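See structure below.
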């Protein structure tokens, strides 16, 4: 997990390049299951999140219109969720909790897997920067507007939508997206697979790396 070895930026997030995230994720996967780095295979993302990273996973209806697929809780507080009739109600959530939309939880596909890994990516890249000991926090748009910054929209984004990296949320989602992708498809195993598929007899792994990046 990313720690204080990295400097903080103006948003209070760690300065992280793609290579930083790739390296840190691979170091963590090496501790979890080193075979994932040398044999391209599917990671058990739920086991990784719960038993390796130590995250709690809950399932709730996170929006009335299916626009929020998951969220990560950095600090204990209240979160508004919805019942089967789309009526909102508040629940108490504790830190280090991944909450997945109950409809997504019923899926067993790449979208569901990336939703899990994306939320794990928030923990991996941002928890040590954003977690803090404080009074209970109301997790609302009003809280973020007052306490973080006015241009931080509360988890209002779409997967696959390209966006400029300007606001705190932009950078948080970029970091979580990239870390989530690295967890599911780490660089080392991808290069091994490419070397087999491309059958470049005259190129070593370093050569392939330069071609695909």
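Below, the figures for the structure above:
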read-out	value
Complete set of residues in region 83-98 that are closer than 21 Å to residue 125 by Cα and part of a loop (DSSP other than H, G, I, E, B)	94, 95, 96
Residue that is within 29 Å of residue 108 (Cβ to Cβ) and in a loop (DSSP other than H, G, I, E, B), where the choices are 21, 43, 2	43
Members of region 58-79 that are over 25 Å from residue 28 (Cα atoms), in contact with a helix residue (DSSP H, G or I) (Cβ under 9 Å, 6 or more places away or on another chain) and part of a loop (DSSP other than H, G, I, E, B)	62, 66, 69
Complete set of residues in region 1-45 that are surrounded by 15 or more Cβ atoms within 10 Å (Cβ to Cβ), over 24 Å from residue 171 (Cβ atoms) and in contact (Cβ under 8 Å) with a residue 40 or more places away in the chain	36, 37, 40, 43
Residue match in region 48-57 (condition: loosely packed, with under 14 Cβ neighbours inside 10 Å and part of a helix (DSSP H, G or I))	yes
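Condition check ((1) touching a residue at least 12 places away in the same chain (Cβ under 8 Å); (2) closer than 15 Å to residue 56 by Cα; (3) assigned to a strand (DSSP E or B)) across all residues:
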residue	(1), (2), (3)
81	yes, no, yes
100	yes, yes, yes
107	no, no, no
113	yes, no, no
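Only the coordinates and a few stated rules stand behind these numbers; no lab work does. Predicted model, so just to flag it, every value in this text is computed and none were measured. No Cβ is skipped: glycine too gets one built from the backbone with ideal geometry, and neighbour counts run over all protein chains shown.
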